[in-house]
Amino acid sequence: MSQSSLIPIRIIENLATAVLLFGKDFKLIFINSAGEGLLSVSNNRVSGMTPKQIWPNSSFFYEAIQRALHTGSTCVERGIDLQLAIDHKIKVDCMITPVFINDVAEEILVELVDADAFVRVMQETNQQTVQEAAKESVQGMAHEIKNPLGGIRGAAQLLERELENKDLLEYTQIIINESDRLRNFIDRMLTTSNQPVKSDMNIHEVLEYVVSVVRAENSHQLNFKKDYDPSIPDIKADREQIIQAVLNLIRNAVQAIGDEGTIKLKTRIKRQVTIQNKLNRHIIEIDIIDDGPGIPPEIESGAFFPLVTGRAEGTGLGLSIAQQLIQSHGGLINYERRESNTHFSILLPIEQCDE
Ligand SMILES: Nc1ncnc2c1ncn2[C@@H]1O[C@H](COP(=O)(O)OP(=O)(O)OP(=O)(O)O)[C@@H](O)[C@H]1O
Ligand SMILES: [Mg+2]
């Protein structure tokens, strides 16, 4: 941190609020980690630049600094739409304070709070509460079905041995096969109750593995585009569970695009992200983006709940299982429809490596 400022940079750096410090020449002196995360820029790249050079699509910072220098007092603005890039807009609350030395405003301190974050955290918490209740009732039901199922299957096997008319074997086979199918279905519902067994895991290795599985499952050519950040470190996670979650999302994408579409896999590190009420300094974001039609509107709000499906042959478990597996790692899966593309984002905390 070589920047010189009237305000100790070390203090600003450790704040969870996004803070930018501009000189009176409008050049950025410093942006802290929270600011880098919120505005998707890096201090090393943008310090010394003017707001216009950093955000050519938005005049907000330029006007705010000008106003603060002109009025000489703190300005507060709420619900400002910040166009960071053509396809990236955020809503922020903002406080702009001129910093005086000998009655001259030498620097301008800009504090930003993500205005959507609170709403997002509330939505996540609600979704989690409903999902946990759904999970408990589904698991209770699953146990109740599983026990008599063993009895039904066993009785059908005994009956099979006693049958003299071998034509009737067809019926006992149906009982046995359908019992097995139901048991597999219930086992899938119950997989998420296992606690993660964590070890060092590389997310790109997992993605490559899942792509190879999905390619083997499909006879037609699948078009994958990869945009990986090679600097992403290994994390401590349950490899099998992460594979399961990614597989469920990629299978859905394959089903959505048909024969022609493309699936993009993108990985990035994000800073200062709140998940499950916990502020994470660093997380991995894994985006699975397809150019299919997206979740049908009539099921969109409930798509992460068990047994909600938009496909005739679907069981409606894929997304709810994936969400539970990622949540048990302290992470989250988000869905968003953006510019005719379907975005599923897996957010996974990195800090767990040190635990
Ligand atoms: N990438 C996607 N594009 C479009 N729709 C999707 C996508 N992912 C999920 N969906 C919709 O959400 C529904 C729920 O998905 P989910 O994976 O939970 O269940 P499913 O795919 O129907 O069954 P399964 O249990 O076999 O995964 C799907 O039926 C589909 O309608
Ligand atoms: Mg599915």
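Values for this structure:
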{"quantity": "Helix 60-71 axis, angle to the chain major axis (alpha carbon atoms, nearest 10°)", "calculated": "40"}
{"quantity": "Net lengthening on full extension, Thr262/Lys24 (0.36 nm per residue, minus Cα-Cα)", "calculated": "80.9 nm"}
{"quantity": "Zero-based 5 Å bins, Cα pair distances in region 168-277, whole percents", "calculated": "2, 9, 14, 16, 17, 14, 12, 7, 4, 2, 1, 1, 0"}
{"quantity": "In degrees, nearest ten, helix 115-162 long axis to first principal axis of the chain (Cα)", "calculated": "10"}
{"quantity": "DSSP bridge pairs, the chain: antiparallel proportion in percent, nearest 5", "calculated": "90"}
{"quantity": "Kirkwood Rh in Å, taken over all unlike Cα pairs in region 288-343", "calculated": "12.0"}
{"quantity": "Point-to-point label distance, Ala155-Ser231, nm (Cα→Cβ direction, 7 Å offset)", "calculated": "6.4"}
{"quantity": "Dipole magnitude (debye, nearest 20) for region 9-115, charges at Cβ of Lys, Arg, Asp, Glu", "calculated": "180"}
{"quantity": "Simple label model, 7 Å out from Cα along Cβ direction - Leu163 to His70, nm", "calculated": "8.8"}
{"quantity": "As computed over region 101-213, the Cα convex hull volume per residue (Å³)", "calculated": "239"}
{"quantity": "For Thr262, distant residues with modelled amide H under 5 Å away", "calculated": "Asp291"}
{"quantity": "Lys/Arg +1, Asp/Glu -1 at C-beta; the chain dipole; positive extreme among Met201, Ser58, Ile250", "calculated": "Ser58"}
{"quantity": "Inter-probe distance in nm under a simple model that places probes 7 Å from Cα toward Cβ, at Asp103 and Ile80", "calculated": "2.9"}
{"quantity": "Intensity falloff of region 234-307 expressed as log10 I(q)/I(0), Debye formula with alpha-carbon point scatterers, at q = 0.17 Å⁻¹", "calculated": "-0.89"}
{"quantity": "Fewest-first ranking of Thr172, Thr129, Thr342, Thr315, using other Cβ atoms within 10 Å as the exposure measure", "calculated": "Thr129, Thr315, Thr172, Thr342"}
{"quantity": "Distance violations [Cα-Cα > 30 Å] among Lys89/Lys236; Lys135/Lys225; Lys89/Lys226; Lys27/Lys266; Lys135/Lys236", "calculated": "Lys89/Lys236; Lys135/Lys225; Lys27/Lys266"}
{"quantity": "Selected from Gln157, Gln66, Gln127 as most flexible by GNM, with the chain as the system and alpha-carbon contacts under 10 Å", "calculated": "Gln157"}
{"quantity": "Under Karplus coefficients 6.51, -1.76 and 1.60, residue-wise ³J(HN,Hα) of region 265-274 in Hz, glycine/proline x", "calculated": "10, 10, 10, 8, 9, 10, 10, 6, 10, 8"}
{"quantity": "Largest-first ellipsoid semi-axes for region 74-137, taking √(5λ) over the Cα gyration tensor eigenvalues, angstrom", "calculated": "39, 14, 8"}
{"quantity": "Difference of contour (0.36 nm per residue) and Cα-Cα distance, Lys278 to Ser42", "calculated": "82.7 nm"}
{"quantity": "Nearest 10 degrees, 0 to 90: helix 318-327 Cα axis against the chain principal axis", "calculated": "50"}
{"quantity": "At q = 0.08, 0.09, 0.14 Å⁻¹, base-10 log of I(q)/I(0) for the chain (Debye sum, equal scatterers on each alpha carbon)", "calculated": "-0.53, -0.64, -1.19"}
{"quantity": "Distance from region 213-278 to region 143-198 (C-alpha centre basis), Å", "calculated": "33"}
{"quantity": "Three-way shape label, region 261-302, alpha-carbon gyration tensor, a/c 1.5", "calculated": "oblate"}
{"quantity": "Size descriptor, Kirkwood hydrodynamic radius, that averages inverse alpha-carbon separations across region 196-355, Å", "calculated": "16.0"}
{"quantity": "Positive-end residue, the chain charge dipole about Cα centroid, Cβ charges, pick of Leu332, Gln131, Ala16", "calculated": "Ala16"}
{"quantity": "Calculated P(r) tail over 17 Å for region 9-115, as whole % of Cα pairs", "calculated": "49"}
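Where a number appears in this text, it was derived from the coordinates with a stated rule and is not lab data. Keep in mind that what you see is a predicted model, and the values were worked out from it rather than measured. Cβ: placed from backbone, ideal geometry, glycine included. Neighbour counts: every protein chain shown.
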